[in-house]
1. Would you mind getting the accessible area per residue of the chain, heavy atoms of the protein chains only, 1.4 Å probe, in Å²?
2. Over segment 56-110, what number does the Rg to Rh ratio reach, with both radii from the alpha-carbon atoms and Rh per Kirkwood?
3. On a 1.4 Å probe surface of the protein chains, which of R132, R47 comes out largest in accessible area, and what is the full order?
4. If I build a Gaussian network model for the chain, linking alpha-carbon pairs within less than 10 angstrom, which residue out of L102, L53, L20 has the largest mean-square fluctuation?
5. Two decimals is fine: what's Rg over Rh for the chain, C-alpha atoms, Kirkwood radius as Rh?
6. Just flag the chymotrypsin sites (Phe, Trp or Tyr not before Pro) in segment 118-173 sitting in loop per DSSP whose Cβ has no more than 11 other Cβ atoms within 10 Å.
7. Choose one of I5, F31, Y58: the residue whose Cα lies farthest towards the positive end of the charge dipole of segment 1-141 (beta-carbon charges +1 Lys, Arg; -1 Asp, Glu; about the Cα centre).
8. Kirkwood Rh, Cα Rg: Rg to Rh for segment 91-131?
Amino acid sequence: MQRTIHLLRVQDNQLVEGSLTELTPKHLKDFETHWKPRLQQSTQADRFWDWELKNRVYLSETIYEGYALECEDMTQGLMLLATGGHRSRIDPSRKIVYVQSLSTAPWNRPSLQIPVSYRLVGSVLLQFARYRSEELSYGGIVGLHALPGVEAFYQRLNMMDCGADEEKENLTYFEWYQRRKSALEELDL
């Protein structure tokens, strides 16, 4: 699977082509070599994440999918989705795609570098999660727990803030929720 995407390259304010693809050893190597040293020197909440371990543990199960966003031959973003085992907090009868982990390269984070290299990395990854939810007939519903300090990002994307979750270290749970259309709405009456 490979999809063409566009990111905003900040240095010249141009949209540049990239690709969204399944997670590969090349992406994990980019993380280890280029991301990890910068993240470990930061105070970012994901500075101790180990994407190699996530890859081994989660992707050995069929309900998990790993994706990477590449641009100009470098991994710009990583995402791990759970496509089963999660339900909407707003309507528990409905399945969702749950974003287990989402991370952007250090040079794309305003908290670590100004100006950033690329914009839209997180948004593109989340839009893909929404697409997967549609593809799986979940109605575009996506849920996630936000790391501290990035809640405003999810609010700007119009995700619903469902409050702190005691079962997940009081991280704020966000959800893109779309109600089901009634039979009359389906018929456009």
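The values are calculated or read from the model by the stated rules, or taken from the named source; none is laboratory data. Quick caveat, the model's predicted, so the values are computed rather than measured. Cβ sites come from the backbone with ideal geometry, for glycine too, and all protein chains shown count toward neighbours. Remember, those area values only see protein heavy atoms, side chains included, never the ligands or the DNA or RNA. Shrake-Rupley method; radii C 1.70, N 1.55, O 1.52, S 1.80 Å.
1. Per residue, the chain has an accessible area of 55 Å².
2. Here Rg/Rh amounts to 1.09.
3. Accessible-area ranking of R132, R47, largest first: R47, R132.
4. Highest fluctuation among the options: L53.
5. Ratio of gyration radius to Kirkwood radius for the chain: 0.98.
6. When the chymotrypsin sites (Phe, Trp or Tyr not before Pro) of segment 118-173 are filtered for loop state and at most 11 Cβ neighbours within 10 Å, nothing remains.
7. After comparing all options, I get Y58.
8. So for segment 91-131, dividing Rg by the Kirkwood Rh gives 1.14.
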